[in-house]
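Structure record follows, encoded as structure tokens.
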Amino acid sequence: MAKLTGKVALVTGAASGLGKADAEMLAKSGATVYLTDVNDKDGKKAAAAINKKYKNKRAYYIHHDVASEKNWKSVIASIKRRSKRLDVLVNNAGVVVVATPETTTLKEFRFANSIMSEGVFLGCKYAIPLMKEKGGGSIINMSSVASHVGYPVFFAYSAAKGAVRSMTKSIAVHCQAMGYNIRCNSVHPSSIDTPMIAEANEKLGINPDEADGDMIGVGSAEDVANLVVFLASKESRFINGSELVIDNSLTVNPL
């Protein structure tokens, strides 16, 4: 699991859920990891838990609002000062607004897209210069199967994740054309057992344990984190501009 020894990674939205699992798995694989979030209490706890588990300091926490361009500049500058490099960026931070195209407010729509569309844009924009200084890297953008199928009750979320899907391809082609040796891929999970999904299910009155005929099930955060580590490593060197669906056949299941 030491395939990322010497690498430096940044994971946004890392205080809980997918981001927390990604950060821990990257650290387990040898990387120094910067966890960022607006939830300082849980973010600091997550970084401390990683350092305690692996007995040496591999994790740092930084307060970070991904919708703020000023914050992005500050976070990247801090990583450059401390670690001199950035090899892996996981644009993971996300929010869910439970509302349909008719009930979503403009304020809600803009909020969701400020985090998951603009936040991903800003992350790529400011990470690329630092990555290319040290010869390249891997950008992993967290999208969703919501960018592939219609989820009316997650309208703003789906729109933002669709933007992530499209931006990822343009970033991959741009970096390749410029000779930066920076790969960019998107990950598209289905329902994953995280606090964010649990909160959304509660709002919708859904109990996954009582779902009838559910042959697909709910994945774990570690399922996604394993894929993130692979995309961060040299073993995935020829995967670029791809959208990797991790959904136990949900998007292709005709039943």
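Annotations for the structure displayed:
- Cα gyration tensor, region 1-92 - rounded (a/c under 1.5), prolate or oblate: oblate
- Computed accessible area, Met25, all protein chains, 1.4 angstrom probe, square angstrom: 20 Å²
- As a rough guide to protection, the peptides 102-114, 222-234 ranked by mean Cβ packing within 10 Å, highest first, stand as 222-234, 102-114.
- Model label sites at Lys41 and Met178, defined 7 Å from Cα along the beta-carbon direction, differ in position by 4.0 nm.
- Where Rh is the Kirkwood radius over Cα pairs, Rg/Rh for the chain: 0.95
- The orientation-averaged projected area of the convex hull spanned by the Cα atoms of region 47-137 comes to 7.4 nm².
- GNM flexibility winner over the chain from Leu18, Leu122, Leu86 (Cα, springs under 10 Å): Leu122
- Each Lys and Arg contributes +1 and each Asp and Glu -1, all at the Cβ; summed about the Cα centre of the chain, the dipole is approximately 1940 debye.
- Largest mean-square fluctuation among Ser83, Ser158, Ser186, in a Gaussian network model of the chain whose springs join Cα atoms under 10 Å apart, belongs to Ser83.
- Surface composition of the chain: carbon plus sulfur atoms hold 53% of the accessible area, using a 1.4 angstrom probe and ignoring ligands, DNA and RNA.
- Solvent-accessible surface of region 75-192, averaged per residue with a 1.4 angstrom probe and all protein chains in place: 41 square angstrom.
- Cut-off under 5 Å, modelled amide H: who pairs with Val38 long-range: His64
- Value in Å of the Kirkwood radius, where region 24-67 supplies the Cα pairs that are averaged: 10.4 Å
- Angle between the chain longest axis and helix 69-83 axis [Cα atoms, degrees, rounded to 10]: 40 degrees
- Between the helical axis of 118-133 and the longest alpha-carbon principal axis of the chain there is an angle of about 20 degrees.
- Between 0 and 90°, nearest 10: helix 40-54 axis offset from the chain longest Cα axis: 60 degrees
- Cβ-defined net charge surrounding Asn240, 10 Å radius [Lys, Arg +1; Asp, Glu -1]: +3
The values are calculated or read from the model by the stated rules, or taken from the named source; none is laboratory data. All values derive from a computational prediction rather than experimental measurement. As a convention, Cβ positions derive from the backbone with ideal geometry for all residues, glycine included, and neighbour counts pool all protein chains shown. Note: areas computed on protein heavy atoms with side chains; ligands, DNA, RNA excluded. Shrake-Rupley method; radii C 1.70, N 1.55, O 1.52, S 1.80 Å.
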